[in-house]
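Take a look at the structure set out below.
The values are calculated or read from the model by the stated rules, or taken from the named source; none is laboratory data. Treat the numbers as computed from the prediction; the structure is a model and nothing was measured. When we count neighbours, we look across all protein chains shown, and the Cβ atoms used for this are built from the backbone with ideal geometry, even at glycine.
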Amino acid sequence: MLCQHCQKNEATTHVKTMINGEYAEYRLCPECAHEMGYDSMFPDFTADFGGLLGSFLSAALPARSGATHCKLCGSTMNDIKKTGKVGCSECYDTFFSELMPTIRNVHGNTEHIGKRPVIEYETVEDDKPEQQEDKKLESLKAELKQAIEDENFERAAELRDKIKELEA
Amino acid sequence: MSEAVVSTRIRLARNLKEYPFPIRLSVSQAKEIVDLIDDALKDCGIKFHRIDLDTVSETMKIALLERHLISPDFVSGEQGRAVFLSDDNAISIMVNEEDHIRLQVIRDGFEPDEAYAVADKLDNALSKKLNFAFHEKLGYLTQCPTNLGTGMRASVMLHLPALELTGAVHRIGANLSKLGLTIRGLYGESTKPIGAFFQLSNQVTLGISEKAAIANLKNITTQLISQEMKARENLLGKIEVEDKIARALGVLKTALVIDHSEAMSLLSLVRLGVASKKLNTLSTDSIDRLIVEIQPASIMTKCGEEMSPQERDIKRAEMIRERFQ
């Protein structure tokens, strides 16, 4: 498809805008996108995040979890949208479904696969023994994935055996 | 590599589970966090100096910013902020910037693996003492969701005069976001490039491991440098360009008054000349050091804080003349 602005070059950038409630979509070539300020040369991502969130959410909707605000820090979804900043670690659980589309949009992924804290806290302290085992299994599997990616096969073999043991 | 890479930085964002993120933090909570981190750093094997931001002058803060030890946001902040610096200033830990902890390792040249190894080790030591906010799916939790996952920003400071002169750097910038990377000006987010210095860094932090993100950055950096080198070859054959470079050195050696932006563009040209072996003068390393020293607040912390802009420009010209003797 040709760029809708210059009608000359191949369009590679897809821009969606919402200005004063009017939705519009453009396909632009890199040059025109740059000229019109739609490229990522110097993006202020933090500042944009509120806007990004805003474009995904309608203000009136309560959180899917039913919560109006975060129990730990008192943030509402509106606060988060206004600032582009999340209030505390608990907010990520409270507003998980609301935040997810934007997180996916920013990162393209929604599953962490990097390192983990060396000593981990227990998320729920009164876990039943089976739940604890499930968690351990989950964390071992994540570690295994990482070990394979790092080509640390010795460690991967160890982890695989541990997982087998737990699953048996 | 040293022809085009000035330095490498690794930054990790971490938060304490028990406290709200900085945006919702009271001054007393913020101070508690600074003390907690101060304590945790005591047994990590590296000596740190604590600087409470509300106890130092504006000039001092800006000098720290000019050396990339703190961020622009951090300078204009509220009470309850502190930065911990290692003796050689290679490690800085900002407390209560956008996240409770912003751990940063800087190294000269292109050394992302070495820088990450230092950051990783310190992060492990801290995570044994502090309760980091971590989520099974989302990784390390951060105040801004753009840092979720690894919380890691790996960046290289590049000198790309030829790509800037030909305008190619803007075209490349537009395409980098597709590769999960971004290119910015000298002082990071939303700053303009000066003297053709750019920061290339990873944008995506969730769903990509630290190792893969660094490998990606290395790969793209190598490609960018090879494009820069090609562009330099084309440019440096031209007498107009070589003349510009030679004149730049002439001005630096003789000027009596020089403002920061003129000095930067001239030093940028001379750096290009040295790296391409067209000029025989200071090494690129010495030029890189000079670039740090001639920044406005860095001059003022060295020579007294009561300097007018003109006095500063005179001092700057003097420092440059001396160095190029």
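Points to keep in mind about this one:
- Residue count for segment A:104-115 satisfying the condition of being facing chain B (nearest Cβ under 8 Å), assigned to a helix (DSSP H, G or I) and either of a type in the set (Lys, Arg) or touching a strand residue (DSSP E or B) at 6+ places or on another chain (Cβ under 9 Å) (or both): 1.
- Residue in segment B:132-140 that is within 14 Å of chain A (Cβ to nearest Cβ) and under 19 Å from the mean Cα position of the chain (by Cα) present: no
- Residue B:86 vs. criteria of a type in the set (Ser, Thr, Tyr) and within 14 Å of chain A (Cβ to nearest Cβ): no
- Where a residue in segment A:141-168 is free of Cβ contacts under 8 Å to residues at least 60 places away in the same chain and its partner, wherever it lies, is outside any helix (DSSP H, G or I) and surrounded by 13 or more Cβ atoms within 10 Å (Cβ to Cβ), with Cβ under 7 Å and at least six apart: A:145/A:113; A:146/A:113; A:146/B:209; A:149/B:209
- Some residue of segment B:211-222 being farther than 26 Å from residue B:115 by Cβ and part of a helix (DSSP H, G or I): no
- Under the condition of being within 7 Å of chain A (Cβ to nearest Cβ) and in contact with a helix residue (DSSP H, G or I) (Cβ under 6 Å, 6 or more places away or on another chain), the residues counted in segment B:117-131 number 0.
- Tally, over segment B:23-53, of residues that are out of contact with any helix residue (DSSP H, G or I) (no Cβ under 8 Å at 6 or more places or on another chain) and not β-branched (Val, Ile, Thr): 12
- Residue ID - modelled with the highest pLDDT, chosen from residues in segment A:117-142 that are in a helix (DSSP H, G or I) and charged (D, E, K, R): A:141
- Here residue B:194 meets the list (1) closer than 21 Å to residue B:271 by Cβ; (2) modelled with pLDDT of 90 or more; (3) of a type outside the set (Lys, Arg) almost entirely, failing just condition (2).
- Filtering segment B:11-26 to residues that are under 19 Å from residue B:103 (Cα atoms) and facing chain A (nearest Cβ under 7 Å) leaves B:15, B:17, B:20, B:21, B:23.
- Residues that are surrounded by fewer than 21 Cβ atoms within 10 Å (Cβ to Cβ) and not in a loop (DSSP other than H, G, I, E, B), drawn from segment B:226-240: B:226, B:227, B:229, B:230, B:231, B:233, B:234, B:235, B:236, B:239, B:240
- Unmet criterion (only one of (1) modelled with pLDDT of 60 or more; (2) within 22 Å of the chain's Cα centre (by Cα); (3) assigned by TED's automatic domain parsing to the domain that holds residue A:8) for residue A:79: (3)
- Some residue of segment B:179-202 being within 13 Å of chain A (Cβ to nearest Cβ) and over 19 Å from the mean Cα position of the chain (by Cα): yes
- Residue count, segment B:141-175 (criterion: away from chain A (no Cβ under 11 Å) and of a type outside the set (D, E, K, R)): 13
- Residue match in segment B:301-322 (condition: within 28 Å of residue B:3 (Cβ to Cβ) and either touching a strand residue (DSSP E or B) at 6+ places or on another chain (Cβ under 7 Å) or at pLDDT below 95 (or both)): no
- Failed condition for residue B:204, given (1) surrounded by 17 or more Cβ atoms within 10 Å (Cβ to Cβ); (2) out of contact with any His (no Cβ under 7 Å at 6 or more places or on another chain): (2)
- Subset of segment B:75-101 that is crowded, with 16+ Cβ neighbours inside 10 Å and polar (S, T, N, Q) - its residue that is nearest to residue A:84 (Cα to Cα): B:96
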